[in-house]
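Written below as structure tokens is the structure these notes are about.
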Amino acid sequence: MANYKIEIRAYVNSSGAINPDDPNSDGLVGGWFRPEDMTNPLVTDAIQVAEFDFQNIEQEQALYRIYTKGEWPGEVYMIVPSIHDTRILNRALPPNFIERRADCGQKCQHGSVCRFCRLVADFAKIERMKVIKALKDKSAGN
């Protein structure tokens with residue numbers, strides 16, 4: 001698009017994958033990005049303008065600060081409201097999450113079964129992190 005001087009704009013905090021007739025349409029799959037992804041060339045080479053999907057200016061300003069800082073330790077649904085699962089911790093998602101999602105071709109949105117996003121999200125749930133922390137504490141003698 002650079003040859004045509006066209007800027008690619010994207011709502012970085014919206015999956016765009018909400019369809020009540022599609023079981024994959026829980027917001028987890030789709031084209032959303034984490035703040036940690038915004039410096040990755042997979043994003044910077046493809047998107048020239050990042051926009052936010054939120055209802056008011058205060059939320060948009062908060063998202064701007066979070067995405068500019070490049071990290072979010074909390075639940076993913078708080079920054080990507082189209083994700084309906086409130087238990088997925090962003091800090092528990094793997095650092096290479098964007099690379100895997102960029103290579104997947106979004107097959108899950110075209111009727112194919114992938115399950116990568118769901119498996120990773122399942123691992124990154126608050127309950128699972130509490131169990132892992134308890135096991136680490138126990139092995140450390142705490």
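Read-outs throughout are calculated quantities, based only on the coordinates presented, and are distinct from any laboratory measurement. Just so we're clear, the structure is a prediction, and the values are computed from it rather than from any experiment. Note: ideal-geometry Cβ built from the backbone for every residue, glycine included; neighbour counts use all protein chains shown.
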Taking 0.36 nm per residue of separation between GLU99 and TYR4 and subtracting their Cα-Cα distance, the length gained on full extension comes to 31.5 nm
Working note, the stretch 70-141: Cα radius of gyration (Å, one decimal) and Dmax (Å, whole number) are 14.1, 48
Percent relative contact order for the chain, counting Cα pairs under 8 Å at least six residues apart, stands at 23 percent
Short to long, in 10 Å steps from zero, the percent of alpha-carbon pairs of the chain per bin is 11, 38, 34, 13, 3, 1, 0
Quick calc: nm separation of the 7 Å Cα→Cβ label points for ILE126 and ALA140 -> 2.2 nm
Connecting every pair of Cα atoms under 10 Å apart in the chain and solving the GNM, the largest mean-square fluctuation among ILE98, ILE57, ILE126 falls on ILE57
